Amino acid sequence: MDQRLSLNRRNWNQRTPVHAGSRSYDLDSFRAGRQSLRPIELEAVGDAAGRSLLHLQCHFGLDTISWARLGVRATGVDFSDRAIALARELNAEAGTNARFICSDVYSLPAVLKQQFDWVFTSYGVLAWLPDLARWARVVHRHLVPGGSFLLIEFHPLLGTYEPAPQGNEVANSYFHHELAVPGNQPTYAGGGRIESPCFEWQHSLGDVVSALCDAGLVIESLTEFPFCYYRAFPHMVRGADGWWRFPENNDSIPQMYSIKARKPKTR
């Protein structure tokens, strides 16, 4: 494994118990039956009961198990062994039949030969991948002919901002670059600091679309959203719909996007 990815795996192993105990993930309500999936993905996928779905970078599997609760034959993949161990515990507690595999995305074809009706990945995944072309080929490899791919991700425009007294200011490049993040940083879920440093990568929207097209997928839709999954900046406010927004800009800035694509049927 790439040394940067090994460092990131250590970072996510440290995040797992912090996230598991956080209010953001709220495992108590999940164990009681809460559905972790959001309207964007539920509407995009529709009724998938009985269909197979591969969830890439699943963390400790809340969304994977939520798909299984809806009757989907779900498989979750993550490179953190601590996260996968917790996912399997939660799956057993829920009485669902989700399957979990510990692997980084790039190594997955070596350990999993199955193809799926759906490949799904969401909310803060691409920043942990240095090579989108290779990632997109893995997505293509694991789709059945005619199968669908759904990505829901934070808009790369957010990565250009830094908090400022009067809101936000553009401080970082929009285009592809690598960022070495020092250790002892807070995590987005709250609850503590993570000792291990890590690496992140900024990818433009063009990088993502081009990688998927080059891998042989056909883009069916690209949708941008003026709200965020979590409180990405301190002054964001949460609406009645559960999404976070900038109060000074409201709905004028894209903060997330979704891409739906398909693998062409063989002739």
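The values are calculated or read from the model by the stated rules, or taken from the named source; none is laboratory data. What you see is a predicted model; the values in this text were computed from it and never measured. When we count neighbours, we look across all protein chains shown, and the Cβ atoms used for this are built from the backbone with ideal geometry, even at glycine.
Remarks
- Residue that is farthest from G146 (Cα to Cα) [pool: residues in region 88-125 that are in contact with a helix residue (DSSP H, G or I) (Cβ under 7 Å, 6 or more places away or on another chain) and assigned to a helix (DSSP H, G or I)]: E93
- Scanning region 198-211 for residues that are surrounded by 14 or more Cβ atoms within 10 Å (Cβ to Cβ) and either part of a helix (DSSP H, G or I) or modelled with pLDDT under 95 (or both) gives L205, D207, V208, V209, S210, A211.
- Evaluation of D214 against (1) modelled with pLDDT of 90 or more; (2) in contact with a strand residue (DSSP E or B) (Cβ under 9 Å, 6 or more places away or on another chain); (3) of a type outside the set (G, A, S) (one fails), failing number: (2)
- Matching residues in region 9-35 - criterion: being closer than 23 Å to P130 by Cβ and touching a helix residue (DSSP H, G or I) at 6+ places or on another chain (Cβ under 6 Å): N13, T16
- Picking from residues in region 1-47 that are surrounded by fewer than 18 Cβ atoms within 10 Å (Cβ to Cβ) and among the hydroxyl-bearing types (S, T, Y), the one that is nearest to the chain's Cα centre (by Cα) is S36.
- Per-region count, region 169-194, residues polar (S, T, N, Q), surrounded by 11 or more Cβ atoms within 10 Å (Cβ to Cβ) and free of Cβ contacts under 8 Å to residues at least 24 places away in the same chain: 1
- Of all residues in region 79-90, those that are touching a residue at least 40 places away in the same chain (Cβ under 8 Å) and not small (G, A, S) total 5.
- Subset of region 234-257 [at pLDDT 90 or above, touching a Cys at 6+ places or on another chain (Cβ under 9 Å) and either among the aliphatic types (A, V, I, L, M) or assigned to a loop (DSSP other than H, G, I, E, B) (or both)]: W243, Q255, M256
- Count of residues meeting criterion [among the polar types (S, T, N, Q), farther than 11 Å from L56 by Cβ and either out of contact with any Ser or Thr (no Cβ under 9 Å at 6 or more places or on another chain) or surrounded by fewer than 21 Cβ atoms within 10 Å (Cβ to Cβ) (or both)] in region 75-122: 5
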